[in-house]
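A quick write-up on the structure given underneath.
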Amino acid sequence: MALMLRSSTSFINQIETKGLKSCDDLPAAICFAKSKPWFRLRAKSSMQESHVNSDLNPEARRNEKWEKLHGPTVSRNNHNDSKRVPVFVMLPLDTVTIGGTLNKPRAMNASLMALKSAGVEGVMVDAWWGLVEKDGPLKYNWEAYAELVEMVQKHGLKLQVVMSFHQCGGNVGDSYNIPLPPWVLEEISKNPDLVYTDKSGRRNPEYISLGCDSMPVLRGRTPIQVYSDYMRSFHDRFRDYLGTVIIEIQVGMGPCGELRYPSYPESNGTWRFPGIGEFQCYDKYMGASLEASAEATGKRDWGRSGPHDSGQYNQFPEDTGFFRREGTWNSDYGQFFLEWYSGKLLEHGEKILASAKRIFQISGVKLSGKIAGIHWHYRTRSHAAELTAGYYNTRFRDGYISIAQMLAKHGVVFNFTCMEMKDREQLEHANCSPEGLVHQVKMATRATGADLAGENALERYDSDAYAQVLATSRSDSGNGLCAFTYLRMNKNLFEGDNWRHLVDFVRSMSEGGRRQRLPDTDSQGTDLYVGHIIGTEKKAQEVVYS
């Protein structure tokens with residue numbers, strides 16, 4: 001099936017644009033020049049696929065799903081660079097509107113067509129708790145997501161779905177606001193201790209505090225039960241697509257969907273990079289847990305509060321008594337507190353992932369969990385920013401081994417960010433080392449047998465960033481990547497050089513990341529581009545299939 005666009009306009013519009021704010025910014029038309037033979041547009045009838053599947057018994061269908069998911073095309077802990085690394089692209093935050101409809105479906109359809117033609121494996125979308133269950137407890141609306149799933153299937157792409165139990169807005173890259181469900185916010189207004197709290201009493205409504213995981217505080221259900229019911233509803237609604245179209249469920253476990261505490265909130269200017277952040281253990285549920293843990297160790301005084309000398313959000317380690325080089329973090333009390341604080345986070349992840357595993361275990365999908373790439377102050381002894389987020393990682397202790405073990409126990413992919421960053425690009429006074437951090441995580445996942453997938457932390461379109469991802473995707477130093485998800489689909493991605501870089505990157509990842517640097521010029525003659533058509537005269541485009 002050939003695809004061409006009749007238009008008097010040029011293929012590429014390379015005008016500088018600002019970041020994506022909504023799906024309005026997605027490409028309105030697709031332009032294909034002569035394509036090189038390294039990729040081919042393929043259309044697969046969904047009716048045909050349905051017919052084939054209907055001929056299989058349930059056991060055979062499960063085996064087929066398993067083979068597709070775990071087939072030999074993807075590198076999975078065999079450290080063989082000849083294996084391809086599939087690339088996914090995150091969809092915009094506002095893919096589903098506040099009203100519960102698919103945002104700009106025609107633009108989405110065009111964008112998916114382009115991504116498929118570029119060789120992308122699939123896309124990732126957030127299934128927002130605040131949208132799906134907003135009308136009341138156990139009242140779910142999946143219709144917009146069902147429309148998206150069918151569209152993704154039509155284009156022969158795969159889908160990663162994030163169970164997003166957190167608020168959208170207030171963090172890096174958030175250009176859209178989706179609060180928690182209204183009925184949950186009502187409960188929070190009655191009982192503010194349901195959310196994380198810092199030592200100054202600031203409440204953070206991004207995510208329900210893990211301190212009340214097992215308390216029936218959400219109209220008779222515990223937060224873990226609420227998350228489980230949500231995932232079960234998703235499973236039941238999309239069971240026919242699981243393992244074939246929907247191949248991965250990323251289980252949200254904290255702010256930004258990451259297993260961490262909200263220790264560095266950007267909203268209202270509370271935190272600025274590269275501040276150390278603050279511990280989030282001052283709601284009454286976390287306080288009760290700390291007190292009980294201290295009493296159990298025979299140190300009742302240690303359970304009265306969190307560290308008194310841990311500083312404020314925007315301070316540096318050496319400004320505090322707790323995090324400085326010879327600080328309290330390395331004392332008996334410091335070790336007790338950090339073990340409790342990080343241990344509660346691991347328990348939280350354990351509970352949610354155990355539930356997710358029970359729900360999805362025979363569906364053929366892979367589960368993943370996202371871990372934050374907190375690379376600032378990594379070169380210091382205490383690793384303060386990691387500690388406040390709940391990762392007990394210091395100069396003398398590997399905090400990622402225990403996380404990788406927990407994920408590996410449930411067969412969950414360790415999804416990690418900042419894969420595109422280089423040490424030399426960072427502010428010197430911030431003591432950053434994203435490369436050192438990524439290396440540590442690669443070694444931890446290799447040691448524990450956990451699969452490792454990656455993401456970029458910030459929007460990047462340059463060849464240097466892609467080259468860094470290619471280098472980290474290989475398994476010559478720790479675990480290689482089993483998949484990579486690019487952040488994020490927007491108008492800028494489809495512009496001339498940005499699009500060429502993505503196409504080259506996807507091609508290189510399909511070769512196992514062996515090409516460590518993308519070409520500075522388009523010497524291969526890659527002719528696939530997507531242009532964003534602007535102006536009233538340019539809207540009369542006609543897509544013709546022949």
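The values are calculated or read from the model by the stated rules, or taken from the named source; none is laboratory data. Since we're looking at a predicted model, the values are computed, not measured. Cβ: placed from backbone, ideal geometry, glycine included. Neighbour counts: every protein chain shown. Protein only, heavy atoms only, side chains kept; ligands, DNA and RNA dropped before computing areas. Shrake-Rupley method; radii C 1.70, N 1.55, O 1.52, S 1.80 Å.
The single condition among (1) at pLDDT below 95; (2) in contact with a helix residue (DSSP H, G or I) (Cβ under 8 Å, 6 or more places away or on another chain) that I224 does not satisfy is (1). Of all the residues in the stretch 187-198, those that are of a type outside the set (S, T, Y) and farther than 9 Å from D283 by Cα number 4. Among the conditions (1) under 23 Å from I403 (Cα atoms); (2) open to solvent by 10 Å² or more (accessible area, probe 1.4 Å), the only one that R232 does not satisfy is (1).
Looking at D451 and the list (1) of a type outside the set (V, I, T); (2) open to solvent by 40 Å² or more (accessible area, probe 1.4 Å); (3) touching a residue at least 12 places away in the same chain (Cβ under 8 Å), which single condition is not satisfied? Tallying (1) of a type outside the set (V, I, T); (2) open to solvent by 40 Å² or more (accessible area, probe 1.4 Å); (3) touching a residue at least 12 places away in the same chain (Cβ under 8 Å), D451 fails exactly one: (2). Against the criterion of being in contact with a Pro (Cβ under 9 Å, 6 or more places away or on another chain), open to solvent by less than 10 Å² (accessible area, probe 1.4 Å) and either closer than 30 Å to L159 by Cα or not charged (D, E, K, R) (or both), I246 does not qualify. For residues in the stretch 302-332 being without any contact (Cβ under 8 Å) to a residue 40 or more places away in the chain and among the polar types (S, T, N, Q), which is most open to solvent (accessible area, probe 1.4 Å)? The extreme case among them is Q312. Of the residues making up the stretch 468-478, those that are open to solvent by less than 10 Å² (accessible area, probe 1.4 Å), in a helix (DSSP H, G or I) and not hydroxyl-bearing (S, T, Y) are V469, L470.
Would you mind finding the one in P86, P179, P105 that is touching a strand residue (DSSP E or B) at 6+ places or on another chain (Cβ under 6 Å) and in contact (Cβ under 8 Å) with a residue 40 or more places away in the chain?
Numbers: P179 fails: touching a strand residue (DSSP E or B) at 6+ places or on another chain (Cβ under 6 Å); P105 fails: touching a strand residue (DSSP E or B) at 6+ places or on another chain (Cβ under 6 Å).
Step by step, each of P86, P179, P105 is checked, and only P86 is touching a strand residue (DSSP E or B) at 6+ places or on another chain (Cβ under 6 Å) and in contact (Cβ under 8 Å) with a residue 40 or more places away in the chain.
Filtering the stretch 188-204 to residues that are part of a strand (DSSP E or B) and surrounded by fewer than 21 Cβ atoms within 10 Å (Cβ to Cβ) leaves only R203. Looking across the stretch 417-441, the residues that are under 19 Å from T394 (Cβ atoms) and crowded, with 24+ Cβ neighbours inside 10 Å come down to C432, P434, L437, V438, V441.
Scanning the stretch 275-301 for residues being of a type outside the set (S, T, Y), crowded, with 21+ Cβ neighbours inside 10 Å and in a loop (DSSP other than H, G, I, E, B) gives a total of 8.
Residues checked against (1) out of contact with any Leu (no Cβ under 6 Å at 6 or more places or on another chain); (2) within 30 Å of K158 (Cα to Cα); (3) open to solvent by 10 Å² or more (accessible area, probe 1.4 Å); (4) of a type in the set (A, V, I, L, M):
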{"residue": "G334", "(1), (2), (3), (4)": "yes, no, no, no"}
{"residue": "L353", "(1), (2), (3), (4)": "yes, yes, no, yes"}
{"residue": "W376", "(1), (2), (3), (4)": "yes, no, yes, no"}
{"residue": "R381", "(1), (2), (3), (4)": "yes, no, yes, no"}
{"residue": "A389", "(1), (2), (3), (4)": "yes, no, no, yes"}
{"residue": "G399", "(1), (2), (3), (4)": "yes, no, no, no"}
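In the set T297, T270, T320, only one residue is under 24 Å from the mean Cα position of the chain (by Cα) and of a type in the set (S, T, Y); that residue is T270. Output yes when any residue across the stretch 163-180 is assigned to a loop (DSSP other than H, G, I, E, B), over 22 Å from T270 (Cβ atoms) and either open to solvent by less than 10 Å² (accessible area, probe 1.4 Å) or modelled with pLDDT of 95 or more (or both), and no when none is. No, there is no match, as no residue in the stretch 163-180 is assigned to a loop (DSSP other than H, G, I, E, B), over 22 Å from T270 (Cβ atoms) and either open to solvent by less than 10 Å² (accessible area, probe 1.4 Å) or modelled with pLDDT of 95 or more (or both).
Over 23 Å from H375 (Cα atoms), at pLDDT 95 or above and touching a Gly at 6+ places or on another chain (Cβ under 8 Å): does that describe T244? The answer is yes for T244.
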